[in-house]
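Have a look at the structure below, then the notes.
The values are calculated or read from the model by the stated rules, or taken from the named source; none is laboratory data. Values in this document were obtained by computation on a predicted structure and should not be read as measured data. Cβ: placed from backbone, ideal geometry, glycine included. Neighbour counts: every protein chain shown. Please note that ligands, DNA and RNA were not included when accessible areas were found on the heavy atoms of the full protein model with its side chains. Shrake-Rupley method; radii C 1.70, N 1.55, O 1.52, S 1.80 Å.
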Amino acid sequence: MWERLSAVIGKEWRQLIRDKRTIALVIALPLTVMTIFGLAYSGDMTGVKIALAIEDDGPLSSVIISEIFNSRVFDVVYIVDSFDEAKYLVEQAEVKGAIVIPAGFSTDIANLGIGSMYLILDGSWFNLPSAMQAEANRIISDVSDKIALSLSVQRGYSQPVSITLYSIWIHGSLKVIDIIGPTVMGIMVQQVPMTLAAISIVREREKGTLEKLLTTPMTRFDLIIGKLIPFAVVGVIIGISELFMVTAVFGAINRGTPLDVLITSLALALAALSLGLLFSVISRNQLQTMQISTFMLIVSFLFSGFLLPIEGMKNEIRFIVYVIPLYYFYQAIIGITIRGVSIIDVIEPILSLFLYALIFLVLSMALMSKRIG
Amino acid sequence: MSYMVELINLVKKFGNIVAVNGLNLEINKGEIFALLGPNGAGKTTTVRMIMGLLKPTRGKIFVDGIDISKNLSEAKKRIGYVPQFFSLYEDLTVLENLYFFGKIYDLPKNVINERIRELLEAVNLREHKDKLAGNLSGGLKRRLSFAVALLHDPKLLILDEPTAGIDPPLRRAFWKMFKALRNEGKTILVTTHYMDETEHADRIGLISRGQLVAIGTPTEIKRKVFDGDLIRIVFRGGKILTELNAPWLVRLLRRENTANGEQEVVLIVKELASVLPKIPIVLKKLGFEPILIEPVSVTLEDAFIALTSGGEINVGEIIRGYW
């Protein structure tokens, strides 16, 4: 028994290490994932785009304003005069949140030692609001101490200062399924057609059918586009059925029209397919393509911004999100299903997906050898 | 321009390995040409270069006068190719495979239907037309591959080891089909490592270590081994035959005394058919009584081994059976 077992172990081990390209993938992929993850998320959250509404023109608000500008977490991209304007910017997804210093803030603190501020949060960005609250609370606590100290010095007696932060939620009643559901759907729309595409050409190569095909008048365009279209249909069917499941069965919100969701799914499927076809063109066997597909799945989970906010990634690493189709999809689908905007309002990420598909298709065709050697 | 295939100083290297080493070859229009050689001689590499699947390291390839490095797609239209291993879709039926390739070759729909009908008949696949290709036996798969290769009515049919692993009756049937296609005017290039079947070819190119060792009709190839044909003669009487002078004689290969005072010799003659009737006369003139005069059949296998074993001709090995 032991002899036979050791024979199988020995054979498997030899086969595993024989194919250098595969073993490189087997070892390199987990290490690469951890390396990117470590590089990306080992720092603090930075660059969360917010609006700042300054309704108070008293002297104390300037302390707060400078503290907010000094924050590495917040990136103030709009300064407005009123709460309503700030709220509008959050609703339009121009910013991820807004901080409001209300009218009378300075006088209240000076007179009563009590002040209030508002933090407007967009609940559709999973995990991001809690990070924003934490940073806003840190700023307020720092600022309260500073103001208390300066007032005490001015007045000659100890003046406690208490600033209360009120969080105001846009899309605040969202459940996890509302936010994550459409993106999980996106993962399926990305992964399934991509894997089909990734295997398809390399399988023709392994089965020998590519040798026959290459001796016919068939062009690279015929082969690549001919494979793309049926797989894209599969992707759209997956998208629509997943949408039905997550909304009708599990009660997730969908404020968008099915057509908009369909177009968004199609854009994602095309981008994912073009990437899959590229994998298929450059791989030598099915094992390799499966490895790359798995890698894409993990990378999509970690670096597309839907589970872990992109703002938590270091700036130098953020470019990685642009090679992940799911990133664009996430940007678009959140707008459609949760904010209920039309596809025109999220056309930028959708066009990015179509452009992405075009680039990788052209690349696949260019790299696809019309020879077998 | 009269050749269907012309290879000029063709070289293919894979890293340090030279698979094809300066091959020059012309295949005439309307002939069955067998490219014969042991495994690893460079047959498949040569065929794949003709099909444009491999890029030659050096040299030129012309198919029907077309330089394939300049106009491969035009050349492809003239060739029907059957690769060594089954290369159609196992998860499509016989008909679906045929339709698919018909469309790939841009044939009009009515032509496709007509060709499929003819070809299913010709290769005897009609009753299997709705079966998945993957469920066909080895022989039926080959027939389907032929049918697909013939769909676009190519001038040149290239078959890479079409009879490998096929039983003798089916091999015979395939060669019959090749001859029928040749009689229709097609040129056929077949690679094989079976010597016996190349007897059916019009011409044979013997390839070894990537080079052409011999080329000619089957008879010419056999003759090349000994520079002539072999005749075995048994006779009685007279003195010992040590020398023979005749204009048709190449040389006396062997002589031996056998039982009953008989002698046996093996002669190499220039051309068997014309010499055979002259031999009894010559023998009687010399005072011998002929008992047996027979041609020694050199098989292509003998020629093959002799010509590919680096020029070392082992006569004893070849005529061992007759001594």
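Any idea how many residues of the range A:47-65 are among the polar types (S, T, N, Q) and out of contact with any Phe, Trp or Tyr (no Cβ under 9 Å at 6 or more places or on another chain)?
1
Are any residues in the range B:126-144 in a helix (DSSP H, G or I), among the charged types (D, E, K, R) and open to solvent by 60 Å² or more (accessible area, probe 1.4 Å), and if so, which ones?
B:R126, B:E127
With respect to B:A147, is the statement that it is open to solvent by 10 Å² or more (accessible area, probe 1.4 Å) and in contact (Cβ under 8 Å) with a residue 40 or more places away in the chain true?
No; evaluated as a whole, the condition is false for this residue.
Against the definition (charged (D, E, K, R), open to solvent by 20 Å² or more (accessible area, probe 1.4 Å), more than 14 Å from every other protein chain (Cβ to nearest Cβ) and out of contact with any Lys or Arg (no Cβ under 9 Å at 6 or more places or on another chain)), how does B:K29 come out, yes or no?
Against the criterion (charged (D, E, K, R), open to solvent by 20 Å² or more (accessible area, probe 1.4 Å), more than 14 Å from every other protein chain (Cβ to nearest Cβ) and out of contact with any Lys or Arg (no Cβ under 9 Å at 6 or more places or on another chain)), B:K29 does not qualify.
For residues that are farther than 15 Å from B:R223 by Cα and aliphatic (A, V, I, L, M), scanning just the range B:267-282, find the one that is least open to solvent (accessible area, probe 1.4 Å).
By that ranking, first place goes to B:I279.
Kindly establish whether B:V123 is in contact with a His (Cβ under 8 Å, 6 or more places away or on another chain), away from chain A (no Cβ under 14 Å), open to solvent by less than 20 Å² (accessible area, probe 1.4 Å) and in contact (Cβ under 8 Å) with a residue 12 or more places away in the chain.
no
Within the range A:68-91, which residues are open to solvent by 100 Å² or more (accessible area, probe 1.4 Å) and farther than 17 Å from A:P102 by Cα?
Matches in the range A:68-91: A:F69, A:N70, A:R72.
Given B:G316, B:G287, which one is at pLDDT below 70 and either loosely packed, with under 11 Cβ neighbours inside 10 Å or on the phi > 0 side of the Ramachandran plot (or both)?
B:G316
So, in the range B:85-95, of the ones that are within 27 Å of the chain's Cα centre (by Cα) and crowded, with 18+ Cβ neighbours inside 10 Å, which residue ends up nearest to the other protein chains (Cβ to nearest Cβ)?
Result: B:S87.
Answer yes or no: is there a residue in the range A:63-71 that is among the polar types (S, T, N, Q), farther than 30 Å from A:Q331 by Cβ and outside any loop (DSSP other than H, G, I, E, B).
Looking for residues that are among the polar types (S, T, N, Q), farther than 30 Å from A:Q331 by Cβ and outside any loop (DSSP other than H, G, I, E, B), one finds at least one in the range A:63-71, hence yes.
Please determine, by comparing only the residues of the range B:96-113 that are open to solvent by 60 Å² or more (accessible area, probe 1.4 Å) and under 32 Å from the mean Cα position of the chain (by Cα), which one is nearest to the other protein chains (Cβ to nearest Cβ).
If we take residues in the range B:96-113 being open to solvent by 60 Å² or more (accessible area, probe 1.4 Å) and under 32 Å from the mean Cα position of the chain (by Cα), then B:F100 is nearest to the other protein chains (Cβ to nearest Cβ).
Applying the selection to the range A:325-350, what residues are assigned to a helix (DSSP H, G or I), out of contact with any Gly (no Cβ under 7 Å at 6 or more places or on another chain) and in contact (Cβ under 8 Å) with a residue 60 or more places away in the chain?
Within the range A:325-350, A:P325, A:Y328, A:A332, A:I334, A:G335, A:I338, A:R339, A:I343, A:I350 qualify.
Does the range A:161-188 hold any residues that are in a helix (DSSP H, G or I) and open to solvent by 40 Å² or more (accessible area, probe 1.4 Å), and which are they?
A:V176, A:I177, A:V184, A:M188
Within the range A:281-324, how many residues are open to solvent by less than 30 Å² (accessible area, probe 1.4 Å), among the aliphatic types (A, V, I, L, M) and part of a loop (DSSP other than H, G, I, E, B)?
The total comes to 2.
Need pairs with beta-carbon distance below 7 Å; first residue within 11 Å of another protein chain (Cβ to nearest Cβ) and under 20 Å from B:Y81 (Cβ atoms) and within the range A:200-211, second buried (at least 20 other Cβ atoms within 10 Å of the Cβ) and of a type in the set (D, E, K, R); sequence gap 6+ or separate chains.
Partner pairs satisfying both residue conditions: A:L210/A:E204.
Quick one: count up the residues across the range B:55-82 that are at the interface with chain A (Cβ under 7 Å from one of its Cβ atoms) and open to solvent by 10 Å² or more (accessible area, probe 1.4 Å).
4
Checking B:M177 against (1) within 20 Å of B:I50 (Cβ to Cβ); (2) assigned to a helix (DSSP H, G or I); (3) within 19 Å of the chain's Cα centre (by Cα): exactly one of these is not met. Which one?
The one condition B:M177 does not meet is (1).
Of all residues in the range B:185-223 being in contact with a Gly (Cβ under 7 Å, 6 or more places away or on another chain) and not in a strand (DSSP E or B), which is surrounded by the fewest Cβ atoms within 10 Å (Cβ to Cβ)?
B:G185
Somewhere in the range A:144-160, is a residue in contact with a strand residue (DSSP E or B) (Cβ under 6 Å, 6 or more places away or on another chain) and open to solvent by 50 Å² or more (accessible area, probe 1.4 Å)?
Checked against the condition, which is being in contact with a strand residue (DSSP E or B) (Cβ under 6 Å, 6 or more places away or on another chain) and open to solvent by 50 Å² or more (accessible area, probe 1.4 Å), the range A:144-160 yields no hits at all.
Within the range A:305-350, track down each residue that is of a type in the set (A, V, I, L, M) and closer than 26 Å to A:G43 by Cα.
Listed by number, the residues that qualify are A:L307, A:L308, A:I310, A:M313, A:I317, A:I320, A:V321, A:V323, A:I324, A:L326.
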